[in-house]
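Each remark here refers to the structure printed beneath this line.
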Amino acid sequence: MMNKAEEPREPGPGSAVHASGLTVVRGGRTVLDALQFTVPRGEITGLLGPSGCGKSTLMRAVVGTQAAVTGTLDVLGLPAGHRDLRPRIGYVTQAASVYLDLTVRQNLAYFAAVLGGDAPGHVERAIADVDLTSHATALAGNLSGGQLNRVSLAVALLGTPELLVLDEPTVGLDPVLRRDLWELFHRLAAERGATLLVSSHVMDEAERCHRLLLMREGRILAQGAPDALRARTGAPTVEDAFLRLVDEAAGKFPHQAEENVR
């Protein structure tokens, strides 16, 4: 059942991220408009919406790199951006952030030393996690775009982070690599208890998430499990559900369209 937006739930031990009134205004434009949501611990939450809807801004706010943030945003029990969160969060941006003149292993060793994730075995485990063991000695500059994305993901996995924030990590990957990465995401949640916040503008990836935040024009259009979203709208897919919610919300923002799916 889908109900009109309630007051933000208080963050509890089951919440990795809790936002209330989260707002970002940039250049006179409201990029995030009074968002309220919760990301449960140990699950994969998909942040889905069209390009330009505010997904990357929201993720930067969560990891503490976004300026001009107002409202409440708690991450792992601390205010977003708190220095104690640095070793507890892994962040992957859309652009691969690696050194092209270093090998895969050298990149990981460097970032492990900088980030404090250089415990014995962490580098090799991270390389194996993203299935790059056979390319460990290859220069990053000689890798494909998809492989570079996986090196960035390996950097984020150093030190066993509690929260992984992944900004469109599967963009440009072939179907097999996308499938393999999603299998990895589910293993991280199930076996290591990691929380993942994964953004995408590809609606079919919504079906792979435990919970969804559907965004449009800087607002949370709906949130909940994929099954609940489909049931609420009577749609066969999450993409169809999203489109029906857009039509339903037309002319009704902000009060009638912001709803929670239980």
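We did not get these values from a lab; they are worked out from the coordinates using the rules stated. What you see is a predicted model, and the numbers here were worked out from it, not measured in a lab. Don't worry about glycine lacking a Cβ; one is built from the backbone with ideal geometry, like all the others, and counts go over all protein chains shown.
Taking θ as phi - 60°, what are the ³J(HN,Hα) couplings along the stretch 94-109 by the Karplus curve (6.51, -1.76, 1.60), each to the nearest whole Hz, with x for Gly and Pro?
5, 8, 4, 10, 9, 8, 6, 8, 10, 6, 4, 5, 5, 4, 5, 5
For the stretch 27-177, state what percent of all Cα-Cα pairs lands in each successive 5 Å bin, counting from 0 Å until the bin that includes the largest distance.
Cα pair-distance distribution for the stretch 27-177, in percent: 2, 9, 17, 20, 19, 15, 11, 6, 2, 0.
For the stretch 164-254, count the residues as N, evaluate 2.2 N^0.38 Å, and divide the Cα radius of gyration by that value, please.
1.16
Show log10 I(q)/I(0) for the stretch 70-151 at q = 0.12 Å⁻¹, two decimals, from a solvent-free Debye sum over equal Cα scatterers.
At q = 0.12 Å⁻¹ the computed log10 ratios are -0.42.
Compute the Rg/Rh shape ratio of the stretch 10-89: radius of gyration over Kirkwood radius, all on alpha-carbon atoms.
0.95
How long is the gain from Asn142 to Glu183 if the chain were fully straight, where each residue apart is worth 0.36 nm and the alpha carbon distance is subtracted?
On the way: separation 41, 0.36 × 41 = 14.76 nm, distance 2.58 nm.
Here the segment from Asn142 to Glu183 would lengthen by 12.2 nm.
Quick one: the Cα spread of the stretch 77-117 along its three principal axes, in angstroms, biggest first?
In descending order, the Cα extents are 37, 23, 10 Å.
Sticking with the crude label model, points 7 Å out along Cα→Cβ, report the distance from Leu243 to Leu78 in nm, one decimal please.
4.4 nm
Order 225-237, 32-44 from most to least packed using the mean count of other Cβ atoms within 10 Å. Numbers along the way, then the final one.
Numbers: 225-237: 16.3, 32-44: 20.1.
Averaged packing, sorted descending, gives the order 32-44, 225-237.
Apply the Karplus curve 6.51 cos²θ - 1.76 cosθ + 1.60, θ = phi - 60°, to the phi angles in the stretch 74-91 and return the couplings in whole Hz, x for Gly and Pro.
Whole-Hz 3J(HN,Hα) from phi for the stretch 74-91: 9, 10, 6, x, 10, x, 3, x, 4, 4, 6, 7, 3, x, 9, 10, x, 10.
Measuring from a point 7 Å past the Cα of His210 along Cα-to-C-beta, which residues in the stretch 87-101 have an amide N at less than 19 Å?
88-91
With just the Cα atoms defining each centre, how far is the stretch 22-87 from the stretch 203-237? Give it in Å.
Rounded to whole Å, the Cα centres lie 18 Å apart.
Given N residues in the stretch 108-213, what is Rg(Cα) / (2.2 N^0.38 Å)?
1.06
Once the principal axes of the Cα atoms of the chain are found, what is the range along each, listed largest first in whole angstroms?
Extents along the principal axes, in whole Å: 55, 38, 37.
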